[in-house]
Amino acid sequence: MRKPEGHQPSYPAFTSRFPDATDAIVFAQLAVEGTDLAEVTAAVRELDALLAGTAGPRHLDRVRPVQEAGEHTRIALAYWDSVESYRVWWSSSSVRSWWESLPDDGPLGYWREVATIPVTRFESLHSGEWHDNGVSHFTPIEVTEHHDYWGGMRDRIRDSHHDELAPGEAGDLTAAGNRRIIFTNPDNLCFIRTAQDWSHCQDAERTTYSETVAPTLRAGADYIGSHPDTGCTSARYVQELDETWSQVQDRTCVLAWWLSLAHLEEWTVNHPTHQVIFGAFHQLLQRYEFTIDLRLWHEVCVLPAGAAEFEYVNCLPVTGISAPLGT
């Protein structure tokens with residue numbers, strides 16, 4: 001454990017508490033990309049209908065990249081509260097028929113990044129007792145003392161108490177032609193969804209956040225997404241959409257894959273891009289005397305080998321994470 005002896009957090013924060021019967025959850029990113037927005041939207045609404053069917057996810061968010069230049073991407077972020085319910089959905093005839101019939105050429109690309117996450121390898125942190133973020137839609141959250149110090153993220157992952165969670169060998173790669181790529185993850189691949197919600201902010205705080213904090217997040221996501229030497233294999237800075245996939249919401253998040261938890265920790269502790277983010281947020285706190293309406297939260301998981309599957313159909317070369325990771 002990294003928690004300093006006698007440490008008491010200077011502010012309250014909350015973390016997920018899974019029921020004893022829950023041993024794993026499934027988090028899936030399911031996406032469509034293309035140059036014609038109308039075609040992309042129609043395709044992702046077809047996906048919506050499939051997700052609304054039997055054994056669909058317990059919670060679903062819809063997002064798009066904050067910046068789009070010529071290429072449009074729409075991503076469904078889907079959470080299942082059990083592995084079995086996800087398997088029922090994924091193996092249903094309607095879903096299998098849809099996915100297996102996707103063309104290997106044409107104007108649209110499709111991809112899925114699906115993680116089966118043991119709850120002992122998952123942690124979350126919320127700046128308040130909010131029940132509308134990620135797994136908190138269906139799982140209780142409770143006050144945690146394991147925060148407000150470097151290493152708190154690792155301490156909240158139960159398996160880290162007896163395992164260093166060091167990066168493993170590359171995953172398995174399968175290519176069916178040049179337009180359909182499938183691979184799995186190496187041991188201890190790490191994923192973070194770190195989110196920002198300013199929908200509850202008053203005008204002054206909203207302006208301060210948009211002008212001073214948000215640009216640092218974009219710069220940080222752009223940097224790690226284009227510098228694999230950080231250990232980040234993919235970073236997407238996205239904005240949430242409404243249920244019609246058309247109206248943007250005052251909520252963003254960064255979705256990033258890392259070679260290991262240690263790589264993520266190194267960036268958060270020592271890298272200048274994260275220090276700028278942290279500094280901008282601290283200035284926001286000071287300006288409003290540490291009483292703000294901005295809501296922040298994140299989810300982190302560290303996956304055993306083979307617990308994630310990545311598949312890209314007719315996608316652009318820049319889409320997805322580095323495959324097959326480490327080769």
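Only one of the listed residues (F18, F27) is outside any strand (DSSP E or B), hydrophobic (A, V, I, L, M, F, W, C) and within 16 Å of S124 (Cα to Cα). That residue is F18.
I'd like to verify a number: residues in the range 144-164 that are in contact with a strand residue (DSSP E or B) (Cβ under 8 Å, 6 or more places away or on another chain) and over 14 Å from E123 (Cα atoms), how many? If you could, list the steps in order and put the result at the bottom.
Taking the range 144-164 as the starting set, the residues that turn out to be in contact with a strand residue (DSSP E or B) (Cβ under 8 Å, 6 or more places away or on another chain) are 144, 146-147, 152-153, 156-157, 159-160.
Checking which are over 14 Å from E123 (Cα atoms) leaves us with none.
Looking only at that region, the number is 0.
Of all residues in the range 78-92, none are among the hydroxyl-bearing types (S, T, Y), in contact (Cβ under 8 Å) with a residue 24 or more places away in the chain, assigned to a loop (DSSP other than H, G, I, E, B) and loosely packed, with under 12 Cβ neighbours inside 10 Å. For T273, indicate whether it is of a type in the set (S, T, N, Q) and either closer than 26 Å to H131 by Cα or in contact with a strand residue (DSSP E or B) (Cβ under 9 Å, 6 or more places away or on another chain) (or both). Spelling it out, it is not the case that T273 is of a type in the set (S, T, N, Q) and either closer than 26 Å to H131 by Cα or in contact with a strand residue (DSSP E or B) (Cβ under 9 Å, 6 or more places away or on another chain) (or both).
Do we find a residue being without any contact (Cβ under 8 Å) to a residue 12 or more places away in the chain, assigned to a loop (DSSP other than H, G, I, E, B) and more than 19 Å from the chain's Cα centre (by Cα) anywhere in the range 32-41? The answer is no; no qualifying residue exists.
In the range 1-14, the residues that are part of a loop (DSSP other than H, G, I, E, B) and among the hydrophobic types (A, V, I, L, M, F, W, C) reach residues that are modelled with pLDDT of 90 or more and surrounded by 10 or more Cβ atoms within 10 Å (Cβ to Cβ) with C-beta atoms within less than 7 angstrom, at least six apart or across chains, in these pairs: M1/D155; M1/H161; A13/L125; A13/H126; A13/S127; A13/T144; A13/H147. One residue stands out in the range 111-144 among those that are of a type outside the set (A, V, I, L, M) and in a helix (DSSP H, G or I): the one that is nearest to P12 (Cα to Cα), namely S136.
The numbered conditions (1) surrounded by fewer than 18 Cβ atoms within 10 Å (Cβ to Cβ); (2) under 26 Å from D132 (Cβ atoms) are all true for D222 except (2).
For (1) buried (at least 16 other Cβ atoms within 10 Å of the Cβ); (2) β-branched (V, I, T); (3) part of a loop (DSSP other than H, G, I, E, B), each residue gets a yes or a no:
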{"position": "H146", "(1), (2), (3)": "yes, no, yes"}
{"position": "S160", "(1), (2), (3)": "yes, no, no"}
{"position": "A195", "(1), (2), (3)": "yes, no, no"}
{"position": "R206", "(1), (2), (3)": "yes, no, no"}
{"position": "V213", "(1), (2), (3)": "yes, yes, no"}
{"position": "T216", "(1), (2), (3)": "yes, yes, no"}
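Quick one: in the range 19-76, which of the residues that are β-branched (V, I, T) and within 19 Å of T252 (Cβ to Cβ) is surrounded by the fewest Cβ atoms within 10 Å (Cβ to Cβ)? Among those residues, the one meeting the criterion is V66.
Only one of these is basic (K, R) and farther than 30 Å from A38 by Cβ: R154, R112. Name it.
Values: R112 fails: farther than 30 Å from A38 by Cβ.
Just a single option satisfies the conditions, and that option is R154.
Within the range 241-273, the set of residues being closer than 13 Å to G151 by Cα and either hydrophobic (A, V, I, L, M, F, W, C) or part of a loop (DSSP other than H, G, I, E, B) (or both) comprises L261, A262, L264, W267, V269. Apart from one condition, A235 fits all of (1) out of contact with any helix residue (DSSP H, G or I) (no Cβ under 6 Å at 6 or more places or on another chain); (2) among the aliphatic types (A, V, I, L, M); (3) outside any helix (DSSP H, G or I); the exception is (1). Looking only at the range 243-274, which residues are surrounded by 15 or more Cβ atoms within 10 Å (Cβ to Cβ), more than 30 Å from A305 (Cα to Cα) and over 18 Å from the mean Cα position of the chain (by Cα)? The one that is surrounded by 15 or more Cβ atoms within 10 Å (Cβ to Cβ), more than 30 Å from A305 (Cα to Cα) and over 18 Å from the mean Cα position of the chain (by Cα): W245. The number of residues in the range 200-250 being under 29 Å from A42 (Cα atoms), free of Cβ contacts under 8 Å to residues at least 24 places away in the same chain and of a type in the set (D, E) comes to 1. The lone criterion from (1) more than 30 Å from D203 (Cβ to Cβ); (2) touching a residue at least 24 places away in the same chain (Cβ under 8 Å); (3) out of contact with any Ser or Thr (no Cβ under 7 Å at 6 or more places or on another chain) left unmet by N270 is number (2).
The values are calculated or read from the model by the stated rules, or taken from the named source; none is laboratory data. The structure displayed is predicted, hence computed values, not measured ones. Here the Cβ is made from the backbone with ideal geometry for all residues, glycine too, and neighbour counts use every protein chain on show.
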